[in-house]
Amino acid sequence: MTSIYLDYNSTAPPSPSVIDYFRSDFGSLFANPSSEHLLGKAVDEVLKGDRRKIAELLGAEPRQIVFTSGGTESINSVLSGGLIRHLGVEKIVSSQLEHHATLACLKRTEVPVEWIANDGQGQLDLDHLSKVLNASGPALVTLLHVNNETGVVHPISEIAKMVKAHRGFLHVDGVQAPGKVEFTLERLGADFVSLSGHKFGALKGIGVLFVRDRSKFEPLIVGGGQEHGLRAGTTPIDLIRSLRLALEDCRPEVIRQVTELREYFES
């Protein structure tokens, strides 16, 4: 019996380019890019090139890309630790429809949390969001871009303008967006965006946290100078390469084909 795998919102199989890389070139980039010797410096140059390409593919600047272990860590990096205190916000605004990683962080925070209403179709009530933002000082708003269970795509660019008008900050769980909807990080307008590589064909264990302004960020994981001091830990260069290759495979024509197939399946 032939099986057809449709659970890409949970995890995607490695993309063709990632499989080719691990069949042919895996192990060639074994040196630590933080090392001062020639092999380390050579791998560091590869890392810089991959960071530039990933930033280009996502529509960001290389300095705004922070590599993490995945979406959960990226979300925790914004909603846990000292970042909320560093931002000086008075409350967090979110939705009851968020991913468990977000909801678990919000259960532990000492900052007041206010929930945005939604309708029976999973759409956010933006009028309610506006009232919540008007009711007090600056807030950190944290919302999904694409809901992993309902498929609802939220108007993040519009929400970002609302949050900015109230001197707040916007964090977006963008884990389900790459490979499924066309977007760029710059156009989204968010301050922080969490992404996870294995959702679109990279290997498990690699993710991205987009940080628009480094001065607004407080690292969750410390202990080394990696990622410009924003996330400590030995750099997983092969996982980062898988992220780059998977993003390159997420071409616009592939996204359009996936959209057509999804709409056909739904019909």
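Compute the accessible area per residue over the chain, keeping the other protein chains in place, probe 1.4 Å, unit Å².
50
So which GluC sites (Glu not before Pro) in the range 85-180 pass both tests, a DSSP loop state and at most 14 other Cβ atoms within 10 Å of the Cβ? Don't skip to the answer; put the middle values down first.
Values: sites: Glu90, Glu98, Glu110, Glu114, Glu149, Glu158; in loops: Glu90, Glu98, Glu110, Glu149.
Loop-located and lightly packed - Glu90, Glu110, Glu149.
Return the lysines within reach of Lys53: Cα separation strictly under 25 angstrom, same-chain partners fewer than 8 residues apart disregarded; answer none if there are no such residues.
The reachable lysines, counting only those whose Cα sits under 25 Å from Lys53, are Lys41, Lys180, Lys199, Lys204, Lys216.
Identify the GluC sites (Glu not before Pro) of the range 10-77 meeting these criteria: DSSP loop state and at most 15 other C-beta atoms within 10 Å of the C-beta.
Listed in order of number, the matching sites are Glu36.
State the three equivalent ellipsoid semi-axes of the chain, derived from the C-alpha gyration tensor as the square roots of 5 times its eigenvalues, in descending order and whole Å.
They are 31, 25, 14 Å, listed from largest to smallest.
Take every Cα pair under 8 Å in the range 49-147 that's 6+ residues apart, average their separations, divide by the length, and report that relative contact order as a whole percent.
On the way: 100 pairs, mean separation 27.2, N = 99.
The normalised contact order for the range 49-147 reaches 28 percent.
Looking at the range 1-65, which chymotrypsin sites (Phe, Trp or Tyr not before Pro) are in a loop (DSSP not H, G, I, E or B) and have at most 13 other Cβ atoms within 10 Å?
Hits after loop and neighbour filter: Tyr5, Phe26, Phe30.
Percent relative contact order of the chain, based on C-alpha pairs within less than 8 angstrom and at least six residues apart?
With pairs under 8 Å counted, the relative contact order is 25 percent.
Quickly estimate the mean residue ellipticity at 222 nm for the chain, helices only: each DSSP H run with n ≥ 4 gives -39500 (n - 2.57), and the total goes over all residues, rounded to 500.
Result for the chain: -11500 deg cm²/dmol, rounded to the nearest 500.
The values are calculated or read from the model by the stated rules, or taken from the named source; none is laboratory data. No experiment lies behind these values; they were computed from the predicted model shown. When we count neighbours, we look across all protein chains shown, and the Cβ atoms used for this are built from the backbone with ideal geometry, even at glycine. Areas reflect the complete protein model, heavy atoms only, side chains present, ligands, DNA and RNA absent. Shrake-Rupley method; radii C 1.70, N 1.55, O 1.52, S 1.80 Å.
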